[in-house]
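For reference, the structure is listed below as structure tokens.
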Number of protein chains: 2
Amino acid sequence: MTPKPFQPPQRILMGPGPSDVHHRVLSAMARPTIGHLDPQFIVMMDQVKSMLQEAFFTANALTLPVSGPGSAGMEACFVNLIEPGDKVVVCVNGVFGGRMKENVERCGATAIVVEDEWGTPVDPGKVEAALKANPGVKALAFVHAETSTGVESDARTLCELAREHGALSIVDAVTSLGGIPVLVDNWGADATYSGSQKCLSCTPGLSPVTFSDRAVETLKARKTKVQSWFLDFSLLTAYWGGGAKRAYHHTAPINALYGLHESLVMLHEEGIEHSWTRHSMMHQALRAGLEAMGLGLLVAEGARLPQLNAVLVPDGVDEALVRTTLLNQHGLEIGAGLGTLAGKVWRIGLMGQSATPHHVTTCLAALEAALLAQGVKLPQGAAAAAANRVLLV
Amino acid sequence: MTPKPFQPPQRILMGPGPSDVHHRVLSAMARPTIGHLDPQFIVMMDQVKSMLQEAFFTANALTLPVSGPGSAGMEACFVNLIEPGDKVVVCVNGVFGGRMKENVERCGATAIVVEDEWGTPVDPGKVEAALKANPGVKALAFVHAETSTGVESDARTLCELAREHGALSIVDAVTSLGGIPVLVDNWGADATYSGSQKCLSCTPGLSPVTFSDRAVETLKARKTKVQSWFLDFSLLTAYWGGGAKRAYHHTAPINALYGLHESLVMLHEEGIEHSWTRHSMMHQALRAGLEAMGLGLLVAEGARLPQLNAVLVPDGVDEALVRTTLLNQHGLEIGAGLGTLAGKVWRIGLMGQSATPHHVTTCLAALEAALLAQGVKLPQGAAAAAANRVLLV
């Protein structure tokens with residue numbers, strides 16, 4: 001069989017990421033490839049770095065996009081900072097906390113797990129107890145915005161607790177950056193990583209990471225080599241560091257970086273505070289519509305992420321069939337539940353370019369139709385009306 | 001300062017990679033992003049896998065593009081196959097053999113280094129001696145096409161030696177795939193990795209990898225967990241494996257994979273054997289032109305890679321000034337020497353879409369002008385004439 005060029009279908013992306021990518025970013029990806037040591041490329045790298053610092057609200061010199069997806073960014077934080085024999089307090093309240101635990105153990109370190117129920121935030125009281133009970137902990141790791149549940153944890157308080165106990169903080173901001181405040185310097189976060197394909201609405205494949213000076217000192221003071229050559233920041237910073245001379249480490253993903261650059265330019269143009277407001281308003285509109293349909297959210301008010309809404313599947317509804325109907329009839333992708341939440345929730349993303357009135361109303365209308373088709377009793381049109389009451393304010 | 005969209009300059013890429021990317025691949029990168037679990041995306045993944053099998057001349061079921069650059073593909077091979085305490089014979093005849101040694105040591109294993117002079121192929125006699133002297137070696141690792149020197153090593157013989165001694169073979173085919181034969185099944189290579197941005201002429205950022213059944217069995221029989229979660233093939237194959245059901249591991253770099261798909265479609269359309277012939281012919285034309293200018297190659301005839309030509313810098317020539325002149329006056333990028341060859345060679349790539357008559361003649365003309373500008377005595381126009389004698393056959 002002769003392969004043909006792939007023409008993707010037209011989708012509306014409202015799952016847990018990737019989110020819809022703006023045509024400006026897609027166009028940027030298609031610009032001619034240049035060399036990774038080209039003087040003009042280095043100018044672009046400096047702009048990416050400075051726009052990432054702006055987005056992370058940090059002056060951290062070590063701020064760069066890792067050449068891999070969010071999981072690679074996560075791994076970069078652990079392998080650079082954690083050494084065999086270290087102890088790390090890991091907060092697990094969803095899939096990504098569990099992945100952090102895996103990372104700690106694969107570094108030859110011990111994970112002291114603080115568990116919270118999926119759909120609830122990390123409990124700072126338990127974290128404090130774990131830090132007190134385990135003197136000499138190297139780091140506290142937690143997920144700011146759990147993509148598997150839609151819950152926000154109190155990053156400021158957790159970073160403070162880490163610092164008070166002489167531990168570094170490692171913060172998963174994959175789903176938060178651009179959607180809600182990520183205030184690295186203000187929190188005193190030591191290692192923070194994100195992803196390109198969530199609220200930045202770039203294509204997937206890059207992971208912005210930022211290290212505080214304290215984290216950089218920890219890296220410099222290591223007794224052992226970083227177990228990953230590819231992710232070794234003591235080498236990579238010779239390429240991403242300042243100045244006109246850049247030492248080759250690995251070939252940077254040129255066109256993906258064009259895309260990230262453009263998405264950061266767009267974020268700058270909008271203003272990050274405005275982006276937060278937009279995410280919040282779209283969430284309120286979606287929630288109003290969902291409630292008008294009788295649908296509830298997994299997460300209690302106050303801890304809900306605007307950009308990731310875990311919607312409880314009503315009894316008797318075939319949740320997989322609803323997703324298939326949305327995809328096939330409306331070209332609309334929403335996410336399934338993961339892990340213990342599989343079959344119990346849908347995950348509706350309102351991230352970046354997918355946080356618009358068009359997305360909210362399309363999703364509500366499609367969901368209403370799919371539920372009606374399964375015989376669910378609904379006040380027809382109520383969802384749209386409720387959403388519009390928020391949107392038209 | 002308000003950041004602006006980045007408009008890259010127009011370049012002609014004849015360095016050690018990235019090579020020029022065809023507009024078909026660039027256009028594919030700009031197609032709308034869809035989800036990494038979208039049924040249509042899974043169809044595309046299957047096509048990528050099958051075209052990679054074709055390019056690698058293998059039926060290996062575990063064949064996939066790692067979501068990172070060639071260095072991540074290299075690391076994937078080592079971390080999946082090598083465990084603490086293992087012994088690995090590593091052939092070092094350039095930069096990338098040295099990087100393999102780093103990988104082995106960071107896996108907690110011992111590297112038994114077989115050194116050959118930079119610019120010469122790996123000596124199978126020395127390798128055999130090392131394998132005999134060290135019974136129980138887990139793997140033999142070598143670079144098929146050394147990008148730092150332009151030398152080809154005898155992959156078939158080296159893979160045979162590994163098998164005879166009960167060791168796995170780990171083959172760096174970053175610069176070879178698509179440019180010269182990479183015959184995975186015929187050689188009996190166990191773990192082979194490549195890069196997207198060399199003779200496949202895709203954008204940088206992906207690393208095709210293929211594992212033999214023997215390698216897969218070694219992975220399954222591990223006593224310890226793979227030290228990288230991100231690169232753990234025992235998890236990743238649940239996403240890239242066959243069938244309609246795919247388990248989420250990490251978010252695949254969707255648009256980068258569109259690009260790789262298109263570059264593989266183009267390779268299939270051309271026919272890989274034809275691509276090898278084209279690379280060989282362009283190399284002969286370039287070499288004829290270089291010789292007509294009195295320029296020699298680092299590597300002896302018989303071991304020269306057509307796609308990477310290490311050209312000896314003549315005495316008295318400012319090699320950095322030549323590269324700057326080519327870049328600024330002609331938009332032409334060629335590579336500098338790395339490591340011990342810094343300042344001593346230029347590296348001229350003829351990879352993928354950069355292996356055309358246009359590239360050969362442009363490079364020769366620009367190089368002639370740059371050398372004349374430095375006062376080098378040259379028979380003017382001789383290079384073009386010599387190249388044309390090859391090209392017009």
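Any read-out appearing in this document is the output of simple, stated calculations on the displayed coordinates, not a laboratory observation. Remember, it's a predicted structure, so these values are computed and weren't measured experimentally. Cβ: placed from backbone, ideal geometry, glycine included. Neighbour counts: every protein chain shown.
Using only the alpha-carbon atoms, how far is helix B:95-106 inclined from the longest principal axis of chain B? Give it as 0 to 90 degrees, nearest 10.
Approximately 20 degrees, to the nearest ten.
Report the net charge of residues surrounding A:Val265, where surrounding means a beta-carbon distance below 13 angstrom and charges are Lys +1, Arg +1, Asp -1, Glu -1.
Numbers: positive: A:Arg24, B:Lys4; negative: A:Glu54, A:Glu262, A:Glu269, A:Glu270.
Taking every Cβ under 13 Å from that of A:Val265, the sum is -2.
Quick one: Cα convex hull volume of the protein assembly as shown, Å³ per residue? Let's see the in-between values first.
Numbers: hull volume 117.8 nm³, N = 786.
Expressed per residue, the convex hull around the Cα atoms of the protein assembly as shown is 150 Å³.
Can you list residues whose amide H is under 5 Å from B:Val376's amide H, if they're 5+ apart or on another chain and H is modeled 1.01 Å from N?
none
Using a 10 Å cut-off on Cβ to Cβ distances, tally the other chain neighbours for every residue of B:67-75 and report the average as a whole number. Spell out each step's value before the answer.
Values: counts 8, 10, 9, 3, 8, 8, 1, 3, 6.
The mean count of partner-chain Cβ atoms within 10 Å per residue comes to 6.
In terms of modelled amide H atoms, which long-range or inter-chain residues lie less than 5 Å from the amide H of A:Gly68?
The answer is A:Ser207.
Taking only the alpha-carbon atoms of chain B, what semi-axes of the equivalent ellipsoid follow from 5 times the gyration tensor eigenvalues under a square root, in whole Å, largest first? Please list the in-between numbers first.
Details: eigenvalues 249, 141, 64 Å².
Over the Cα atoms of chain B, the ellipsoid semi-axes are 35, 27, 18 Å.
Could you pull out every residue, at least 5 positions away or on a different chain, whose amide H is within less than 5 Å of the one on A:Thr110? Hs are placed 1.01 Å off N in the peptide plane, and Pro or chain starts have none.
Placed amide hydrogens put A:Gly85, A:Asp86, A:Lys87, A:Val88 under 5 Å from A:Thr110.
Taking only Cα atoms, what is the 0 to 90° angle, nearest 10, from helix B:155-164's long axis to the longest principal axis of chain B?
30 degrees
Show me the trypsin sites (Lys or Arg not before Pro) within region B:200-250 that DSSP assigns to loop and that have at most 11 other Cβ atoms within 10 Å of their Cβ. Walk me through the intermediate numbers first.
Values: sites: B:Arg214, B:Lys220, B:Arg222, B:Lys223, B:Lys225, B:Lys245, B:Arg246; in loops: B:Arg222, B:Lys223, B:Lys225, B:Lys245, B:Arg246.
Those satisfying the criteria are B:Lys223, B:Lys245.
What is the diffusion coefficient of region A:169-264 in µm²/s, taking the Kirkwood radius over Cα pairs and the Stokes-Einstein relation at 4 °C with a viscosity of 1.567 mPa s? Working shown, then result.
Working: Rh = 14.8 Å.
Value of D from the Cα-based Kirkwood radius: 87 µm²/s.
Can you bin every Cα-Cα distance in region B:272-391 into 10 Å intervals starting at zero and give me the percent of pairs per bin, rounded to whole numbers?
14, 49, 33, 4, 0
Between region A:290-358 and region A:18-47, what is the separation of their alpha carbon centroids in Å?
So the separation of the two Cα centres works out to 33 Å.
Can you give me the Cα centroid spacing of region A:64-128 and region B:206-236 in angstrom?
First find each Cα centre; the distance between them is then 22 Å.
To the nearest 10 degrees, how steeply does helix A:357-373 sit against the main Cα axis of chain A, on a 0 to 90 scale?
The angle comes out near 50 degrees.
Binning at 5 angstrom from zero up to the longest distance, how are the C-alpha pair distances of region B:1-158 distributed in percent?
Histogramming region B:1-158 at 5 Å steps yields 2, 7, 12, 15, 16, 14, 12, 9, 7, 4, 1, 0, 0 percent.
Among the lysines, which fall within straight-line cross-link reach of A:Lys87, defined as a Cα-Cα distance under 20 Å, with same-chain neighbours fewer than 8 residues apart omitted?
A:Lys101, A:Lys126, A:Lys132, A:Lys138, A:Lys220, A:Lys223, A:Lys225, B:Lys225
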